[in-house]
Amino acid sequence: MRFGVVVFPGSNCEMDCHHVIDKVLREDVDYVWHQQTDVSAYDCLVLPGGFSYGDYLRCGAIARFSPVMEAVADFAAEGGLVIGICNGFQILLEAGLLPGAMLRNTSLSFICRFSSVRVENADTPWTNAARQGQVLRVPIAHGEGNYTADEATLAALAEEGRIILRYCGEDGEVTAAANPNGSVDNIAGICGEGFNVFGLMPHPERASEEILGSTDGLLIWESVMAHYRSRG
Amino acid sequence: MTELYEELGLTEDEYRDIIRILGREPSKVELGMYSLMWSEHCSYKSSKPVLSQLPTRASYVLQGPGENAGIIDIGGGLAAAFKMESHNHPSAVEPYQGAATGIGGIVRDIFTMGARPIACLDPLRFGSLESPRQRYLFSGVVAGIAGYGNCLGIPTVGGDIYFDECYDGNILVNVMAIGIMPKENLIRGQATGVGNAVVLMGNRTGRDGIGGASILASQEFDETSQEKRPSVQVGDPFTEKLLIEACLELLEKNLLVGLQDLGAAGISCACSETAARGGVGMKIELKNVPLREEMDPFEIMISESQERMLAIVEPRKLDEVLATCERWGLPAVVIGEVTEGDMLEIYWYGEKVVEVPASSLASGPVYERAAERPAYLDEVQSADLAALEHPSDLNRVLLDLVSGPNLCDKRLVYEQYDHMVQLNTVVYPGSDAAVLRVKGTSKALAVSVDGNSRYVYLDPYGGTQIAVAEAARNVVAAGGVPMALTNCLNFGNPERPDIFWQFKESVRGLADAARHMELPVVSGNVSFYNESFGTAIYPTPVVGMVGLIGTLSTRRTIAFPEEGLVVAMLGDTLDELGGSEYLRLVHGMTAGRPPALDLEVEKSVQTTCIEGIRRGIILSAHDCSEGGAAVALLECCCAGGVGATLEVDTPLQPVSWLFSESQSRFVVTLREEDLGALEDLAASRQVRVYALGRTGGSRLIVGDWIDLGVDEMKAVREEALGRLLKG
Amino acid sequence: MKVSIYVSPKKGVLDPAGQAALGALKSLGFGEVADVRIGKYIILRLEDIDAGKAEDRVQEMCERLLANPIIEDYRIEMGD
């Protein structure tokens, strides 16, 4: 399976994703430069975390106009697998590949810590290796992860099982206290209509090695690899 | 011109020197350049003779002081570059941008040497949080560090934060960065090769931070003076991130001869230092410098606009260099060339405005300042501590200590920093040292910063030795062998004999401790004039220690790892409450003598601990320092979520055993069956092991002195800072 | 009473957000854009205050909180 990790100016988790795919998953992986317009060589595109273009205007607002994003949109429209992590999620929202928008964390501060998220739908390309309701321990690191969307969108997301991850306590309880950033309905990750596009604020690449304190992030990588293989 | 040199802060003798060097009166631009390059900040004219006693060599030191950062060989073809510096004054003016640009500057020092920056650590000192101004400065500094460092994708993995009234008028923002590189990528800030191009990369130049007060005073005030007000430097981490990637790519492709960042004194400093180090001259045309606004040559030469680099490039590689910068979206232009001789010639639209020997700028005057032992020392050192009445509720004292600003949990701060990006942080903040794995090897670096200014105030020589010993001890507790150190020396006005005496004694302590412990000083920074309204801060030397962990599996944290382990104290506890946090908090005193430090004992205790860890005997280790044994034990319990039941057999008073900050001690855990082996290891080094009891349960019980629930202690420690910040 | 406050980076102070937006606009084909400065627009509603004193009070709010006079300029518009 060949992954492409998209590099925008200001991305800063691209090397982390590359490291995990290459050294831990032992799959093929290349960097995809933001000016590249052909992504046909890849089975899965990763939009990594960071501060694309400094995130000075709005998170992801400038990156979405990168030439590569048109290719990413076409790739997604044809059913290609796309995962946006943190800033990558924000870019997918700005690009309209996922619904909704991000606000600043209610604390108004950047937050970096391990968080617990509950798998709300284990029947997706991204979570099939996890159990429904399984609690994953995965770090978050963001200043704007406060997801919001209008009522109709939220209803549709819930109805169609497209809310994939919710912030929860260690016991799996979804509570206001377990919500680190004010995200509506404790939403930590959502999918697009075809489930092939996935955006999430937690960083699975930071929880993919024992030595870093958790391997729960591996479930997400392993899910997409299993999905790809089952598709043949 | 006579008035101008004074306004620029030059002395009459210095002005005469300039005339002697040039054989004529300097131009205004030249005078501005000399005033900056010969300022204390750039020239180290007061500190240089004192710093010369620091040990700087070891077989593994690849680069000592004098370059942008120090570099040590860590084996396997890799090297680590690191340095610490101060951004005190800019942070006091505008805390967010001051701290942010501090990060920017220290990070540039690291990748300028060819290393990828892998971590930052920030020692911070503030006044009392009871003051709204201090709360504002604190929040601003922390947000600035987070805003800049997080955007760069460089984890902030450690640091320390102390609050004391002595910083009410002058906060300290020190920053340390560390990077890793393949040895062959090492590059220096040197211009060589006559005919090579001088390339300016990065942000356009504006009037940022133009010279501060001295230059402002030199400007003629007229209707445009409001616009000419020196503007605060604003950080642009996005451009810095592009600079990091572009520079590392240029070095990887072997396209550069020399690389230098632009910091204090901007183009003046970068050109003169690179030329002087390379023993060459340089010819610069300032009209080629990309500007953000209209500026004259004087302003361009001294602007401190951030996120700029100077590269020396062979003509045949120039196109590829410019193309690489373009690909990263970075402005890059040729502003001049390397010439024979040692003259720095600056042109402005073809007209020569500067012609000075580069070396004369880079090596300024040197002063032997007067030093005199300050009068306060006798008074504070002779304070009678024996007569103090101690409180009887020791549980209360312990909780008060860990809910005070200095010893409370700093989670609220480090969770604002991305401390995980790059996937190297394998011991997170909150332990004695941060541990960063070196990918592709089984090794890791252990890094810690330390500097208790209260000790240094009470005894500049001994207190500074403690800073070295404790930074090394922190590295040891994490399982590392200390290798080398950097430092930032924050003092008051060096022209005052009492302050300069503090400085000299402190550096003597640093030198003696470093020499004795065989730790080369590979880089550092001096910050003088840290005072306001004539009151200086406590002398505050801060040490940054880097150590090597040979195999990742021997890394340790402070946390009690499980139940049923033996808890032991390595090293002796003495009746030493002088300078302690206890004395400050309970009795409101900063007095007495700091704890004694015997460097021979220190080394023995540290090698015992390292050996115990290496052999798998010691399972957790925590340096025993501020707050004494009681606070150390509490921290071990909180970090591990495990209690302990302990008994102490001591002739000391309870408060002395619990809260004395005696040096050369570790709290360790080990299996019962290994106790004999540890005692043998220790005995062969004349070190005592005191078995105190066992881990287990949900309470910390120390004889009939302390009995507290772990959950309660955790809650008290964790909620304290948030409460203090609310005022 | 409605008060509008426009906060913008001081002339000569680097504005990274403006620079980033400028670059993006140019790359989207808006070549005519020569400069971008990005600031904040703050709307206040005041009550129980003497119209004569209001402007001074708002100015003080700007100096002390709403703007950072070290790096930002501000402009106040009183009324709708």
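A few remarks follow.
- Flag for B:T324 being crowded, with 23+ Cβ neighbours inside 10 Å, part of a helix (DSSP H, G or I), under 33 Å from the mean Cα position of the chain (by Cα) and among the hydroxyl-bearing types (S, T, Y): no
- Verdict on B:N170 being under 18 Å from the mean Cα position of the chain (by Cα), at negative phi, away from chain A (no Cβ under 14 Å) and modelled with pLDDT under 95: yes
- Qualifying residue in region B:210-230 (condition: at pLDDT 55 or above, within 14 Å of chain A (Cβ to nearest Cβ) and in a loop (DSSP other than H, G, I, E, B)): no
- Single match in A:V46, A:V5, A:V20, A:V72 (criterion: within 12 Å of chain B (Cβ to nearest Cβ) and touching a strand residue (DSSP E or B) at 6+ places or on another chain (Cβ under 9 Å)): A:V20
Here is a yes/no grid of residues against (1) closer than 22 Å to B:D393 by Cβ; (2) hydrophobic (A, V, I, L, M, F, W, C); (3) touching a helix residue (DSSP H, G or I) at 6+ places or on another chain (Cβ under 6 Å):
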{"position": "B:L574", "(1), (2), (3)": "no, yes, no"}
{"position": "B:L577", "(1), (2), (3)": "yes, yes, yes"}
{"position": "B:R584", "(1), (2), (3)": "yes, no, no"}
{"position": "B:T590", "(1), (2), (3)": "no, no, yes"}
{"position": "B:P595", "(1), (2), (3)": "no, no, no"}
{"position": "B:V601", "(1), (2), (3)": "no, yes, no"}
{"position": "B:T608", "(1), (2), (3)": "no, no, yes"}
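- Residues of region B:421-453 that turn out to be touching a residue at least 24 places away in the same chain (Cβ under 8 Å), of a type in the set (A, V, I, L, M, F, W, C) and farther than 17 Å from B:A177 by Cβ, as a count: 3
- Number of residues in region A:193-204 that are within 13 Å of chain B (Cβ to nearest Cβ) and touching a Pro at 6+ places or on another chain (Cβ under 8 Å) equals 2.
- Sole residue being outside any loop (DSSP other than H, G, I, E, B), more than 9 Å from every other protein chain (Cβ to nearest Cβ), within 28 Å of B:Q97 (Cβ to Cβ) and in contact with an Asp or Glu (Cβ under 8 Å, 6 or more places away or on another chain), chosen from C:V3, C:V58: C:V3
- Scanning region B:143-155 for residues that are within 11 Å of chain A (Cβ to nearest Cβ), closer than 23 Å to B:G127 by Cβ and buried (at least 24 other Cβ atoms within 10 Å of the Cβ) turns up B:I145, B:A146.
- Residue count for region B:396-420, restricted to those that are surrounded by 19 or more Cβ atoms within 10 Å (Cβ to Cβ), under 18 Å from B:K726 (Cα atoms) and aliphatic (A, V, I, L, M): 3.
- Residue in region A:147-170 that is touching a residue at least 60 places away in the same chain (Cβ under 8 Å) and either under 18 Å from the mean Cα position of the chain (by Cα) or surrounded by 20 or more Cβ atoms within 10 Å (Cβ to Cβ) (or both) present: no
- Scanning region B:415-452 for residues that are charged (D, E, K, R), modelled with pLDDT of 95 or more and over 26 Å from A:N87 (Cα atoms) returns B:K443, B:D450.
Matching residues to (1) outside any strand (DSSP E or B); (2) of a type outside the set (D, E, K, R); (3) in contact with a Leu (Cβ under 7 Å, 6 or more places away or on another chain); (4) not assigned by TED's automatic domain parsing to the domain that holds B:E531:
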{"site": "B:A100", "(1), (2), (3), (4)": "yes, yes, no, no"}
{"site": "B:P117", "(1), (2), (3), (4)": "no, yes, no, no"}
{"site": "B:R135", "(1), (2), (3), (4)": "yes, no, yes, no"}
{"site": "B:G144", "(1), (2), (3), (4)": "yes, yes, no, no"}
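- Candidates B:G104, B:G158: the one that is within 17 Å of the chain's Cα centre (by Cα), more than 24 Å from A:D55 (Cβ to Cβ), surrounded by 24 or more Cβ atoms within 10 Å (Cβ to Cβ) and within 14 Å of chain A (Cβ to nearest Cβ) is B:G158.
- Filtered residues of region A:86-118 (kept if part of a strand (DSSP E or B) and touching a helix residue (DSSP H, G or I) at 6+ places or on another chain (Cβ under 7 Å)): A:A101, A:M102
- So B:T557, is it polar (S, T, N, Q) and under 30 Å from B:I701 (Cβ atoms): yes
- Hey, B:G266 on the phi > 0 side of the Ramachandran plot, under 32 Å from the mean Cα position of the chain (by Cα) and modelled with pLDDT under 95 or not: yes
- Cross-chain or 6+ apart pairs with Cβ under 7 Å, region A:60-76 first and free of Cβ contacts under 8 Å to residues at least 24 places away in the same chain, then part of a helix (DSSP H, G or I): A:I62/A:S52; A:I62/A:Y53; A:I62/C:A20; A:I62/C:A24; A:F65/C:A24
- Enumeration of residues in region B:449-466 that are of a type in the set (V, I, T) and in contact with a Ser or Thr (Cβ under 6 Å, 6 or more places away or on another chain): B:V456, B:T464
- Filter result for B:A682 (of a type in the set (A, V, I, L, M) and surrounded by fewer than 19 Cβ atoms within 10 Å (Cβ to Cβ)): no
- Scope region B:234-262; condition of a type in the set (A, V, I, L, M), more than 26 Å from A:D55 (Cβ to Cβ) and under 24 Å from the mean Cα position of the chain (by Cα); matching residues: B:L259
- Selection over region B:597-623 of residues that are under 24 Å from B:V402 (Cα atoms) and either in contact with a Leu (Cβ under 9 Å, 6 or more places away or on another chain) or without any contact (Cβ under 8 Å) to a residue 40 or more places away in the chain (or both) gives a count of 3.
- The listed residue being within 30 Å of B:P90 (Cα to Cα) and either within 14 Å of another protein chain (Cβ to nearest Cβ) or over 13 Å from the mean Cα position of the chain (by Cα) (or both), out of C:L22, C:L28, C:L66, C:L46: C:L22
- Per the listing B:V468, B:V435, B:V481, B:V449, the residue uniquely within 14 Å of another protein chain (Cβ to nearest Cβ) and either among the aliphatic types (A, V, I, L, M) or under 19 Å from B:S662 (Cβ atoms) (or both) is B:V435.
- Each residue in region A:129-143 was checked for being within 13 Å of A:G217 (Cα to Cα) and assigned to a loop (DSSP other than H, G, I, E, B), and 3 pass.
- The number of residues in region B:107-136 being more than 21 Å from B:P429 (Cβ to Cβ), surrounded by fewer than 24 Cβ atoms within 10 Å (Cβ to Cβ) and not charged (D, E, K, R) comes to 6.
- Cβ-Cβ distances below 7 Å connect the following pairs, each with a first residue in region A:174-200 that is over 15 Å from A:G161 (Cβ atoms), a second residue that is polar (S, T, N, Q) and part of a loop (DSSP other than H, G, I, E, B), and a separation of six or more residues or different chains: A:N181/A:N105; A:N181/A:T106; A:G182/A:N105; A:G182/A:T106; A:N186/A:N179.
The values are calculated or read from the model by the stated rules, or taken from the named source; none is laboratory data. Bear in mind that the values here come from a model prediction, so they are computed numbers and not experimental data. Here Cβ is always computed from backbone atoms with ideal geometry, including for glycine, and neighbour counts include all displayed protein chains.
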